[in-house]
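Here is the structure we will look at.
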Amino acid sequence: MRNHMFDAIRDAARPGATFIETLDGRVWTYDEMLATSGRLAAALEKLSVKPGDRVAVQVEKSPEALLLYIACLRAGAVYLPLNTAYTTAELDYFIGDAEPRLFVSTPGAAEGIRAIAAKHGARVETLDDKGGGSLLHIAQEMAPAFDNAVRGADDLGAILYTSGTTGRSKGAMLTHDNLLSNALTLCDYWRFTADDRLIHALPIFHTHGLFVASNVILLSGASMYSLPKFDADAVLRLMPKATALMGVPTFYVRLVQHEGLNREVASNMRLFVSGSAPLLAETHKQFREITGHAILERYGMTETNMNTSNPYDGERIAGTVGFPLPGVSLRIADRETGSLLGVGQTGMIEVNGPNVFKGYWRMPERTQAEFRPDGFFITGDLGKIDARGYVHIVGRNKDLVISGGYNIYPKEVETEIDGLPGVAESAVIGVPHPDFGEGVTAIVVRQPDTEIDEDAVLDGLRERIARYKQPKRVIFIDDLPRNTMGKVQKNVLRENYKALYGGG
Ligand code: MCA
Ligand code: AMP
């Protein structure tokens, strides 16, 4: 039997060794990982989940939630993780679009989801973060040995939704080999071995925490300390017995501000990785001064997993994302013509390699529009390659805000604001924020003779979009600045409000 991704996980599993340890000291060994993921895969089969079926999962982070991801690979199902912050209104879209056979939710949210799920033909089971819930209940009755579904390199392992520039989220289809090839490359590039102990404080519904952090640990037979969420005190308590940390820039901003961070506490650590958003050179410098460690910054996307990384041994340069990873081809092309640009010239970053996704779920036109005819994926990020080969990200050719590592497409937020009574129009921008990197900010024009205020806008959004997408501030102005073509000049707004949160 061949199951491309799971066979590699099973081959790396070390009998008797720890896979996950939680903050309260509970331990899951690799043997338990194999047994429980087998039971969960059997439960999925019992619930009529067939190879190729989607299993949507919106649950709190827990070891069992990670085992459910592995169980989906084993059953041949397509794992579809969803941010726990998504509102019911947002879930309706995902369930309707992905048509999962099964939706796994927290027991508390199940009732609210059942009606939407039924509408789209999905069954609902539950999983909580204390090792309970109906799905685990079914799994406990199953045998641990499971006859894994046959899945080849090109079969889908997961679909992860990324926010859409047009307001509609797109499901990025990731194959077993997209996941496996990238994880093996990272294990090697970042020198992961069975001796590593990773502090895992990221959510497991996005690429960073699910694939980069978890797959690397699984495929090197290493272990992780799993935290329900980032907590600087807990991270610092774990550091003396850990070897690696992976985080978004906000983790490092908060750590350098913490009086507990010093050279000694970090002396056992061998690697600090940052990604998902630009790490300020200032944060890199402060962290190095305090701990002696140069944070290793890398660059990736939901559609591509990881594309580039600063070197393990060579110089890690602040403000750059390093070199294309082995097997990944990266080039800079002119935004309009697509012609290739030379050293130091800024243009569109395009990538190709075994890491690049198969396309957007049920959106062939979108997929075609984002690939060049020769197979390179157009990232939407603007960058350049310097004379030493380091890649620099210098901006985005997509209207996107990245806050604390989460992506927010302004169009989606603007559409919601524009639908509120009393709003004539709005522009949503990201401006420098000392903690989140960028703070989502709404600039709103009222309809004549209306009184809508900041609280009313925020109240109107509360049930509609996830908390992290909601503006940190709402500013009212008389008219949005426009160019001669009538296009809103967001650059002017970003400049006008750059000091709003004390940044810029
Ligand atoms: C929480 N809030 C946020 C964010 N997180 N607001 C904006 N942006 C955020 N990222 C809200 C909370 O709901 C709360 O609202 C208020 O802000 C303050 O919350 P706080 O307790 O400070 O936040 P937290 O719970 O400590 O979370 C901050 C965080 C977290 C630790 C930075 O957002 C996080 O773990 N981010 C990681 C995201 C990630 O994994 N990204 C990878 C995507 P209120 O109190 O007002 O209700 S994968 C990716 O990008 C690619 C592939 C890549 O390259 O990796
Ligand atoms: P997503 O596909 O939602 O996971 O977000 C991917 C986007 O995050 C990329 O297209 C980049 O714009 C951004 N990104 C990821 N890593 C970095 C980094 N190290 N520096 C700057 N931007 C990054």
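The values are calculated or read from the model by the stated rules, or taken from the named source; none is laboratory data. From a predicted model like this one, the values you see are computed outputs, not experimental measurements. In this analysis, Cβ positions are derived from the backbone assuming ideal geometry, glycine residues included, and neighbour counts consider all displayed protein chains. With ligands, DNA and RNA removed, areas are computed over all heavy atoms of the protein, side chains included. Shrake-Rupley method; radii C 1.70, N 1.55, O 1.52, S 1.80 Å.
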Sequence-separation-based contact order of region 100-251, relative, with Cα cut under 8 Å and 6+ spacing, percent: 16
The chain - share of DSSP beta bridges that are antiparallel (%, nearest 5): 60
If you project the alpha carbons of region 1-93 onto the principal axes, what extent comes out on each, in Å, largest first? 44, 37, 21
In deg cm²/dmol and to the nearest 500, what is the mean residue ellipticity at 222 nm of the chain if only DSSP H runs of at least 4 residues count, each as -39500 (n - 2.57), divided by the residue total? -8500 deg cm²/dmol
For region 435-481, the accessible surface attributable to carbon and sulfur atoms (probe 1.4 angstrom, ligands and nucleic acids excluded) amounts in percent to 41
What pairs from Lys170/Lys472; Lys46/Lys119; Lys119/Lys472 go past 27 Å between their alpha carbons? Lys119/Lys472
Cα-Cα over 20 Å, subset of Lys229/Lys358; Lys61/Lys241; Lys398/Lys487; Lys358/Lys411; Lys285/Lys384: Lys229/Lys358; Lys61/Lys241; Lys358/Lys411; Lys285/Lys384
Considering every pair of different Cα atoms, what Kirkwood radius, in Å, is found for region 300-352? 12.2
Where chymotrypsin sites (Phe, Trp or Tyr not before Pro) fall in DSSP loop in region 382-447, at most 14 other Cβ within 10 Å: none
If Lys and Arg each add +1 and Asp and Glu each add -1, what is the summed charge of the other residues whose beta carbon sits under 10 Å from the beta carbon of Leu420? -2
Let me check against my output: what whole-number percent is the relative contact order of the chain, with C-alpha pairs under 8 Å and at least 6 apart? 12
Loop-located GluC sites (Glu not before Pro) in region 196-304, at most 16 other Cβ atoms within 10 Å (DSSP): Glu259, Glu264
Classify region 177-243 as rounded, prolate or oblate from the Cα gyration tensor: take a ≥ b ≥ c as the square roots of its eigenvalues, call it rounded if a/c is under 1.5, otherwise prolate when a/b beats b/c and oblate if not. oblate
Count charges around Ser62 for me, please; just the other residues with Cβ under 14 Å from its Cβ, Lys/Arg as +1, Asp/Glu as -1. -3
Taking only the Cα atoms of the chain, how large is their convex hull per residue, in Å³? 150
Gyration tensor on Cα atoms of region 269-323, a ≥ b ≥ c root eigenvalues, a/c under 1.5 rounded, else prolate if a/b beats b/c, else oblate, says prolate
Would you mind working out the accessible area per residue for region 294-388, using a 1.4 Å probe, and quoting it in Å²? 41
Normalised by the residues of region 1-133, what does the relative contact order come to in percent, with Cα pairs under 8 Å and at least six apart? 22
